[in-house]
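*Asks:* Below: one structure in C-alpha cells.
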C-alpha cells in the first residue's frame, strides 16, 4: 500500500461485560418497545461492573432540558460536554429523535448543498450529523448511544452505515447489536433483570407490556443518572 494512504480508525473497546467498540450507536424503536428502559438499564449494568456511564433524559416529554437544547450550538456543546464527563465509558442520550440532525457543522454543510436528498428521504445533514457524532465519540474513546422513535423518524435505520452500529430493542432490556467491527452481524443481548427493574423504578414506569409508552414520573426527571 502506498505510503500516505489513509486507513480506517481502529477504535478501542468498552470494557466490562459487553464488548462494544467506541463510537456512536443508534437505538431506534417504536413507542413502547422499551428504548428508555433499555438504555438506562444498560448504563446501570455496565456501571455496576466498573464502566463509567451516564444516562440523560432530554428532548422527551417531561424533560427539563427541551427548552435549552433547541439550537445547534447548544445541542453540540451538550453532547461534547456529556462525552467529556465520561471518558472511556458509555453515554446514553434519550432521545435524539428531534435533534439527531441538529449538529452545527452539518447544518452549515446542508446550506451549501441545497435540497439534495438521498434514497429513503435521507439528507446530507442526517448523514453528516451521524458521521460527526461517530467521529466525536471515537475521539473521546467512548460509546455514545442515541435513542430514536421510528414512528417519528422512520428513516433512522438507513443511517446505520454512517454510525458505529445499531442497538435494536425488542423489549425492555432485550436488544440486538449490529456493529462495524463484527461486520454488522447481529448478536442478542439481555440486560440482567435486576437492572431492568431498577431502570423502571427510576423512570417511574409501571411493569406492564405497554409501560414505556406512559413515560417517566416527572418527579424523578431533571437529574442525570
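*Asks:* Taking the structure as given and computing log10 I(q)/I(0) by the Debye sum over Cα atoms at q = 0.08, 0.10, 0.13 Å⁻¹, which label from [x] -0.27, -0.42, -0.72; [y] -0.43, -0.59, -0.83; [z] -0.52, -0.69, -0.83 fits?
*Replies:* The value matching this structure is [x].
*Asks:* Ok, one more. Order of 87-95, 15-23 by packing, highest average Cβ count within 10 Å first?
*Replies:* Peptide ranking by packing, descending: 87-95, 15-23.
*Asks:* Between residue 31 and residue 66, what is the spin-label point distance in nm, taking each point 7 Å from the Cα along the Cα→C-beta axis?
*Replies:* Rounded to a tenth, the inter-label distance reads 1.3 nm.
*Asks:* Could you identify which residue out of 165, 204, 50 has the top mean-square fluctuation in a GNM of the chain using Cα springs shorter than 10 Å?
*Replies:* Of the options given, 50 has the highest mean-square fluctuation.
*Asks:* Calculated from DSSP H runs of 4 or more alone, at -39500 (n - 2.57) each and per residue, what is the 222 nm mean residue ellipticity of the chain, nearest 500?
*Replies:* Helix-only estimate at 222 nm: -9000 deg cm²/dmol.
*Asks:* With a 10 Å cut-off between alpha carbons and a GNM built on the chain, which of 168, 122, 136 moves the most?
*Replies:* 122
*Asks:* Using a simple spin-label model with points 7 Å from Cα along the Cα→Cβ vector, what separation in nm is obtained for residue 190 and residue 170?
*Replies:* Spacing of the two 7 Å Cα→Cβ label points: 1.0 nm.
*Asks:* Compute the separation of the alpha-carbon centres of segment 51-84 and segment 171-190 and state it in Å as a whole number.
*Replies:* Using only Cα atoms, the two centres lie 25 Å from each other.
*Asks:* Looking at segment 23-175 only, what percent of DSSP beta bridges run antiparallel? Nearest 5 please.
*Replies:* 10
*Asks:* Quick one: 96, 83, 70, fewest Cβ neighbours within 10 Å first, how do they rank?
*Replies:* Listing 96, 83, 70 from fewest to most nearby Cβ atoms yields 70, 83, 96.
*Asks:* Remind me, relative contact order of the chain in percent, using alpha carbon pairs under 8 angstrom and six or more residues apart?
*Replies:* Once divided by the residue count of the chain, the mean separation gives 31 percent.
*Asks:* So, one more: Using the basic label-point model (7 angstrom from Cα toward the beta carbon), what is the residue 73 to residue 10 distance in nanometres?
*Replies:* 4.0
*Asks:* Shifting gears a bit: Could you state the angle between the C-alpha long axis of helix 35-48 and the longest principal axis of the C-alpha atoms of the chain, as a value from 0 to 90 degrees rounded to the nearest 10?
*Replies:* 90
All of the numbers you see were taken from the coordinates with simple rules; none came from a lab. These figures come from a predicted structure and were not determined experimentally. Cβ atoms come from the backbone with ideal geometry, glycine included; neighbour counts cover every protein chain shown.
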